[in-house]
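Worksheet: one structure, shown below.
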Amino acid sequence: MHVHLHDGEASLAAYRADVAASGLELSGLAAMWFGGPHQARAGDPAAIRAGNDGVIALARRHRDVVAVATVHPYDGQAALDELARVAAQGVRVLKLHPHTQQFDLADPRVLPLLRRAGELDLAVLLDNAGIVAGDHQRLFDLALRAPQTTFVFAHIGGLGFRFWNVLALARTAEGFSMDNVNFDISATVLLVADSPIEDEFVWTLRNVGIDRVLVGSDYPQIGLGRTVEALERLGLDEGEKAKIRSGNAQRLLDR
């Protein structure tokens with residue numbers, strides 16, 4: 001659910017080679033064109049459109065590739081128009097990264113964009129590495145205020161993953177399901193596997209709901225092989241691991 005392919009076909013070929021070298025069989029990948037040196041910043045919607053077109057074309061050539069588009073919330077109507085355009089072309093996932101795209105989750109332009117994504121049946125993958133103050137609390141609030149939008153919070157909060165145990169308590173309130181919140185465990189799983197806090201991480205995954213946890217690598221920063229290897233070392237049963245490896249993502253994207 002979390003692959004950065006900066007150079008189209010060349011990056012995809014390198015990714016496949018990396019996965020094959022790890023001895024894994026790839027079910028599919030959700031790929032984005034931005035990240036690292038390629039950023040989707042405010043003020044240049046034409047460049048964002050071109051980047052989105054590139055990954056959409058890539059997905060059309062490769063049936064196992066799910067195109068992940070992006071916009072910038074500060075681009076206003078241009079961002080909303082681009083949401084509608086990519087959705088009409090079959091895109092199912094939108095990625096936003098407050099830190100690298102340099103926007104504030106509390107900005108009043110963000111929530112309407114997230115709500116519109118939900119109306120267009122776009123799941124929203126949002127960075128949640130815990131590198132911005134108030135990250136977890138703001139994401140919780142946005143998910144609560146956009147209940148028709150499906151969210152995937154990348155990195156499950158980093159080493160602040162403990163916050164998300166609040167979902168188990170919040171869901172005891174009448175009519176308060178927060179069933180639109182999912183997580184990918186990219187990067188964070190490498191830190192916690194075989195660590196003193198591994199048991200607490202597993203406890204957190206079960207509290208947020210194993211059915212709402214997805215594997216993600218954050219390639220090319222981290223390979224899928226390292227991520228899956230760390231997942232396999234966690235104290236989860238085989239059924240739980242199977243859901244995290246591919247079952248949950250396939251259900252989320254109806255693939």
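Miscellaneous remarks
- DSSP-defined antiparallel bridges as percent of all bridges, region 14-149, nearest 5: 10 percent
- Given +1 at the Cβ of Lys and Arg, -1 at the Cβ of Asp and Glu and no other charges, the dipole of region 101-255 around its Cα centre is 300 debye to the nearest 20.
- Spacing of the two label points (7 Å from each Cα toward its C-beta) at Asp107 and Leu159, in nm: 2.9 nm
- At least 18 Å along the helix axis (C-alpha) and Kyte average at least 0.0, DSSP helices within the chain: 8-21, 45-61
- Between the residues Ile244, Val181, Val215, the greatest Cα displacement towards the positive end of the dipole of the chain, with unit charges on the Cβ of Lys, Arg, Asp and Glu, is found for Val181.
- Accessible area per residue, Å², region 83-126 with all protein chains present, probe 1.4 Å: 39 Å²
- Only helices enter this figure: runs of n ≥ 4 DSSP H residues, each worth -39500 (n - 2.57), summed and divided by the residues of the chain, yield -12000 deg cm²/dmol at 222 nm to the nearest 500.
- Asn207 paired with Asp237, simple spin-label distance in nm, labels 7 Å along Cα-to-beta-carbon: 2.2 nm
- Surface share of carbon and sulfur [accessible, 1.4 angstrom probe, percent] for the chain: 52 percent
- At R0 = 25 Å, FRET efficiency that the Cβ-Cβ distance of Asp194 and Ile131 yields, to 0.05: 0.60
- Its residue count N sets the reference 2.2 N^0.38 Å, and the alpha-carbon radius of gyration of region 44-124 equals 1.04 times that reference.
- Pairs of alpha carbons in region 28-72 whose separation is greater than 16 Å (percent): 34 percent
- Rolling a 1.4 Å probe over the heavy atoms of the protein chains gives region 154-203 an accessible area of 43 Å² per residue.
The values are calculated or read from the model by the stated rules, or taken from the named source; none is laboratory data. As the structure is a prediction and not an experimental result, all values here were calculated from the model. In this analysis, Cβ positions are derived from the backbone assuming ideal geometry, glycine residues included, and neighbour counts consider all displayed protein chains. Side chains are part of the model used for accessible areas, which takes the heavy atoms of the whole protein and leaves out ligands, DNA and RNA. Shrake-Rupley method; radii C 1.70, N 1.55, O 1.52, S 1.80 Å.
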